[in-house]
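Down below is the structure, laid out as structure tokens.
The values are calculated or read from the model by the stated rules, or taken from the named source; none is laboratory data. On a predicted model such as this, the values are computed, not experimentally measured, just so you know. When we count neighbours, we look across all protein chains shown, and the Cβ atoms used for this are built from the backbone with ideal geometry, even at glycine.
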Amino acid sequence: MPELPEVETVVRGLQSTLPGRRIVDVRLGKTDFIEDPSALESELPGRRVANVRRYGKFLVLSFDAAAKSEYSGLLIHLGMTGQIVVCPASTPVRPHTHVLMALDDDREFRYTDIRRFGSMRLLPSGPNGAALETLGVTLGIDALAATEPEFRTQLSGRRARVKALLLDQRVLRGMGNIYTDESLWRARIHPARIAADLSDKELRNLYRAVQWVLNEAIRLRGSSVSDYVDSEGQPGEFQLRHRVYQRKGKKCFRCGTAVERMIVAGRSSYFCPGCQRAPRGRARKKKAGARR
């Protein structure tokens with residue numbers, strides 16, 4: 001599933017092509033992932049894109065004000081296999097392309113989604129443009145924009161496993177399984193550690209690890225481990241820099257210990273047992289099991 005670096009990469013690509021463009025026409029294929037397909041078809045033609053931005057793992061297209069419209073933005077989640085490209089209208093349409101928005105420069109905004117686990121909905125106008133509070137859930141601070149004090153406040157004193165907190169969008173929006181595992185490895189912190197037990201030094205190292213991993217992944221245009229491509233249809237390269245994610249049984253790049261996999265917060269978690277020492281209770285339980 002696309003995470004913060006992939007969505008940020010797509011957004012940056014769209015920022016160079018969409019703002020100022022007017023939507024001429026909208027054509028839809030399958031619509032079970034769209035909240036109100038008829039509104040999309042009737043409201044978007046004639047609207048001009050003002051800007052494109054990221055909100056956690058969501059993309060937000062904001063439109064210039066229109067006197068007769070109650071909508072000011074379009075909220076998009078890529079789900080597991082969603083892809084957005086802007087290409088010449090003459091480009092052959094790929095299978096599973098469900099949204100085509102013709103632009104006033106003879107190009108098209110195309111949304112392709114094989115499994116249709118993504119979502120798309122119009123955002124009603126609010127005092128500051130697109131009203132993101134209509135998401136119906138309060139999201140935490142942005143993982144990329146968070147300062148170290150903000151990051152510490154979100155994690156300090158919490159009696160939950162650190163990986164669960166990093167994945168919780170109500171705590172830190174934008175993080176997902178790949179970049180959580182990679183950040184914890186870089187900070188040498190086991191995914192099952194309780195956040196309240198982390199020292200000040202460990203929290204500082206984790207914050208720096210999260211920032212480095214996210215920025216490096218964005219620089220390399222994200223991780224293409226499945227269907228992800230950027231807004232030009234090109235795959236990312238950060239998967240070539242993964243240190244633990246999906247590397248079970250392979251040697252740790254740092255210490256040579258075999259990478260292991262466990263379930264934390266209901267998700268597969270990859271870690272190095274040599275570099276990322278298990279919590280004491282878990283380590284004792286593992287040793288007792290080995291003796292039996």
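Annotations
- Some residue of segment 236-249 being acidic (Asp, Glu), touching a residue at least 60 places away in the same chain (Cβ under 8 Å) and farther than 22 Å from Leu166 by Cα: no
- Considering (1) at pLDDT 85 or above; (2) within 30 Å of Asp36 (Cβ to Cβ), the lone condition that Pro149 does not fulfil carries the number (2).
- Looking at Ser223, Ser199, just one residue is assigned by TED's automatic domain parsing to the domain that holds Pro273 and over 14 Å from the mean Cα position of the chain (by Cα), and that residue is Ser199.
- Checking Pro2 against (1) within 30 Å of Glu182 (Cα to Cα); (2) in a loop (DSSP other than H, G, I, E, B); (3) at pLDDT 95 or above, the condition it does not meet: (3)
- Counting the residues of segment 14-63 that are more than 29 Å from Thr138 (Cβ to Cβ) and either of a type in the set (D, E, K, R) or touching a residue at least 40 places away in the same chain (Cβ under 8 Å) (or both) gives 13.
- Of the numbered criteria (1) outside any helix (DSSP H, G or I); (2) in contact with a Gly (Cβ under 9 Å, 6 or more places away or on another chain), the one Gln239 fails is (1).
- Against the conditions (1) farther than 18 Å from Asp230 by Cα; (2) among the aliphatic types (A, V, I, L, M); (3) in contact (Cβ under 8 Å) with a residue 24 or more places away in the chain, Ala66 satisfies every one except (3).
- Considering segment 14-88, the qualifying strands (runs of 3 or more DSSP E), each wholly inside and each with 3 or more residues that are over 26 Å from the mean Cα position of the chain (by Cα) and outside the structural domain of Pro235 (by TED's automatic domain parsing), run over 23-28.
- Summed over segment 33-49, residues that are over 15 Å from Ile76 (Cα atoms) and surrounded by 18 or more Cβ atoms within 10 Å (Cβ to Cβ) total 2.
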